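All remarks here apply to the structure that follows.
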Amino acid sequence: MLNNKKIIAISGSIREGSSNTNILKTIAAFIPESIEYSIYEGIKDLPHFNPDIDRTETPAVVTEFRNTMSEANALIICTPEYAKGVPGVLKNALEWLVSSAELYKKPMAIITASPSIEGGDKAHESLLLTLGMLDTVVVKNGSMLVPSVGTKFNANATIKDENTKQELIALINSIVVELDT
Ligand SMILES: Cc1cc2nc3c(=O)[nH]c(=O)nc-3n(C[C@H](O)[C@H](O)[C@H](O)COP(=O)(O)O)c2cc1C
């Protein structure tokens, strides 16, 4: 049953016109209408992770973020690579979820998109390690690199590369199958 299921996406780029955010917008077309899909845009507002303030007075934005993650039945992360790693803003957001465990055993798909031919493979690898630490489940076929991202999408963010389109559809299907069981 897919009704009432929710997929939440997070972009690792908070840049206006981000290619990663555009991918998350594009894949909305491949998600069945019965599933609620939204892109969470609040990670830019989270303070730097600090276990001290989490123990004493958890900031309201963190509580709101955790509640949103808790409500998700599955998550999709699409991120660039910065300085051979996961962008700080995304890593920071994930750090807030380590002890509170909202992502525990949650199905996930991850995409790394980069203008480089490596497709942000170092960030991808690092993100997988972090998600392993969080005990999430990256679904089969739920992991994808988009190298040379600028050549795969048109200026209006529609996909012009058929292979990329098919890979994204397969990735979404893997998550949907997981939610349907
Ligand atoms: C400071 C900085 C560091 C970057 N480091 C990397 C990197 O290590 N590997 C990579 O593939 N791209 C790197 N890039 C290029 C980004 O992948 C590129 O800007 C990408 O378009 C950002 O994603 P977005 O379009 O979703 O914002 C870097 C860009 C900046 C500004």
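Things worth noting here:
- Positions within the range 1-59 being within 16 Å of the ligand (Cβ to nearest atom) and of a type in the set (Ser, Thr, Tyr), in sequence order: Ser11, Ser13, Ser18, Ser19, Thr21, Thr26, Tyr40
- So Ala123, is it among the small types (Gly, Ala, Ser) and either within 12 Å of the chain's Cα centre (by Cα) or within 15 Å of the ligand (Cβ to nearest atom) (or both): yes
- Residue satisfying all of: in the range 161-172; without any contact (Cβ under 8 Å) to a residue 60 or more places away in the chain and either open to solvent by 40 Å² or more (accessible area, probe 1.4 Å) or not polar (S, T, N, Q) (or both); nearest to Glu71 (Cα to Cα) among these: Ala170
- Looking across the range 160-176, the residues that are more than 18 Å from the chain's Cα centre (by Cα) and modelled with pLDDT of 95 or more come down to Asp161, Glu162, Asn163, Gln166.
- Number of the exception - Thr21 against (1) within 12 Å of the chain's Cα centre (by Cα); (2) closer than 20 Å to Thr136 by Cβ; (3) of a type in the set (Val, Ile, Thr): (2)
- Leading residue by the ranking (nearest to Asn92 (Cα to Cα)) among those in the range 31-62 that are more than 17 Å from the chain's Cα centre (by Cα) and among the hydrophobic types (A, V, I, L, M, F, W, C): Phe49
- Counted residues, the range 104-129 - those being farther than 21 Å from Glu71 by Cβ and in contact (Cβ under 8 Å) with a residue 12 or more places away in the chain: 17
- Residues that are within 22 Å of Val177 (Cβ to Cβ), out of contact with any strand residue (DSSP E or B) (no Cβ under 9 Å at 6 or more places or on another chain) and either open to solvent by 70 Å² or more (accessible area, probe 1.4 Å) or in a helix (DSSP H, G or I) (or both), drawn from the range 89-135: Tyr104
- Which numbered condition Val139 misses (of (1) within 21 Å of Lys165 (Cβ to Cβ); (2) within 16 Å of the ligand (Cβ to nearest atom)): (2)
- Among the candidates Ala157, Ala74, Ala93, Ala101, residue that is touching a residue at least 60 places away in the same chain (Cβ under 8 Å) and more than 16 Å from the ligand (Cβ to nearest atom): Ala74
- Scoring Asn3 on the criteria (1) over 12 Å from the mean Cα position of the chain (by Cα); (2) open to solvent by 50 Å² or more (accessible area, probe 1.4 Å); (3) modelled with pLDDT of 95 or more leaves a single failure, condition (3).
The values are calculated or read from the model by the stated rules, or taken from the named source; none is laboratory data. Computed from a predicted structure; not experimentally measured. Note that we place each Cβ from the backbone using ideal geometry, even for glycine, and neighbour counts take in every protein chain shown. Heads up: the accessible areas ignore ligands, DNA and RNA and are worked out on the full protein's heavy atoms, side chains in. Shrake-Rupley method; radii C 1.70, N 1.55, O 1.52, S 1.80 Å.
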